[in-house]
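The values are calculated or read from the model by the stated rules, or taken from the named source; none is laboratory data. Source: prediction; values computed, not measured. A quick note on method: Cβ atoms are made from the backbone with ideal geometry, for glycine too, and the neighbour counts reach across all protein chains shown. We work out accessible area using only protein heavy atoms, side chains counted, and drop any ligands, DNA or RNA first. Shrake-Rupley method; radii C 1.70, N 1.55, O 1.52, S 1.80 Å.
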Amino acid sequence: FIIMNHLCGLDVGDPLAALNDHERRVLAAFRERYEFHLKTAVRDSADANDGDNDDEEKKDSSSSHQQSSNDDHEPTKPNSLPLQPTYTLPPSSLPPSGLRPLDDVTLYRYLLSDRHHKHLTFHPETSLQRLLSALRFRQTHQADLIVRNLASSSPTDIPPSVLRCQTLRIAIWAGRDRHHRPVVFERLGQFFQKGHASAATFEEWMESYLYFLERHFVEMRRAAEATGRPVQRIVYFADFQGVVSSILNRKIWTIVPLLKHLVRTVECHYPEIVDHIILFNVPRMASAAYNVVKGFLDPVTAEKIELFAGVPLERFRECMGEEVIPKEYGGRNEMEYPQTGDA
């Protein structure tokens, strides 16, 4: 099955209840534009399949003298897409473009991605092209299969190369914040320090990063199911401990190009899924490195970042209960949070 529309089918009220009349009009027009592309893609796919089936029938007819006259030929057609957005779909129902019915939550997320962060003006055509490109990307890189693997209870569904990359870039899903959003802690400074960029191919890093991004939706749906609230974002906390060593040994400059490539190749297809970002243990020496990273981030994302020189325990407590904060940062969460491994 294929998974998208992470809130579909859940009793969580209206996730977009706070939208004003103007925002609803923009969303309705955006939906109309997207559904035009969806209907076109489905029609073109159906026409192509009809042509393939006609060719098969001609082949069968020309060789019918070699077969029993009682044999019936039943051309195979793809399953039709449902008219309404759903959480799961059979893979055979998708056209080659990867387009599928999308709910308003997903559509509005793409609209927000290109909304001017100061003037608050929408750019629907830019957002539409971003969305169409993201769906093609999902189809090309089998992102739907990744979500299925994540939703599976079997760890053997995760490729070994992904599991290995996860030991080289440590991140944990620590729990939920006070607004029920999933919480991620990452040892980003150690990732810089180790300089593991060459320990895997870019394709392996990209696949591992896709598993990380797609898990956002799995965790948000689980949080929404558990709380009955429309959870639409995660919160992210990155520990920069080790970044000074990475600057001194210059390994950070092997990691920065990798992160830049991942942001431009992958992350652009996953807009508006992080509510805020806290970077901590960030020494003054690291400010130059941070400015380099900030330079290739989306401006909307960059606006969400907070920096702290040490461990901001009080800020953590504002965001989440102590049972979510890892023990080494002053909380009570004893979840395994390993150090970054060697390549």
Residues in segment 217-247 that are aliphatic (A, V, I, L, M), modelled with pLDDT of 95 or more and open to solvent by less than 10 Å² (accessible area, probe 1.4 Å): how many?
-> 7
Conditions (1) closer than 29 Å to T340 by Cα; (2) at pLDDT below 95; (3) of a type in the set (V, I, T) -> T140 fails only (1)
Members of segment 1-22 that are at pLDDT below 95 and of a type in the set (S, T, N, Q) | N5
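Condition check: assigned to a helix (DSSP H, G or I) and touching an Asp or Glu at 6+ places or on another chain (Cβ under 6 Å). Does R109 satisfy that?
Values: assigned to a helix (DSSP H, G or I): yes; touching an Asp or Glu at 6+ places or on another chain (Cβ under 6 Å): yes.
Taking the combined requirement at face value, the residue satisfies it.
Right, P159: open to solvent by less than 60 Å² (accessible area, probe 1.4 Å) and closer than 22 Å to W205 by Cα or not?
Numbers: open to solvent by less than 60 Å² (accessible area, probe 1.4 Å): yes; closer than 22 Å to W205 by Cα: yes.
Yes, satisfied.
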Output the number of the condition that L81 fails; it satisfies all remaining conditions of (1) surrounded by 13 or more Cβ atoms within 10 Å (Cβ to Cβ); (2) at pLDDT 90 or above.
-> (2)
Which numbered condition trips up E207, out of (1) assigned to a helix (DSSP H, G or I); (2) farther than 16 Å from I146 by Cα; (3) not aliphatic (A, V, I, L, M)?
-> (2)
Candidate set: segment 84-125, residues that are in contact with a Cys (Cβ under 8 Å, 6 or more places away or on another chain) and of a type outside the set (F, W, Y); chosen: the one modelled with the lowest pLDDT | T86
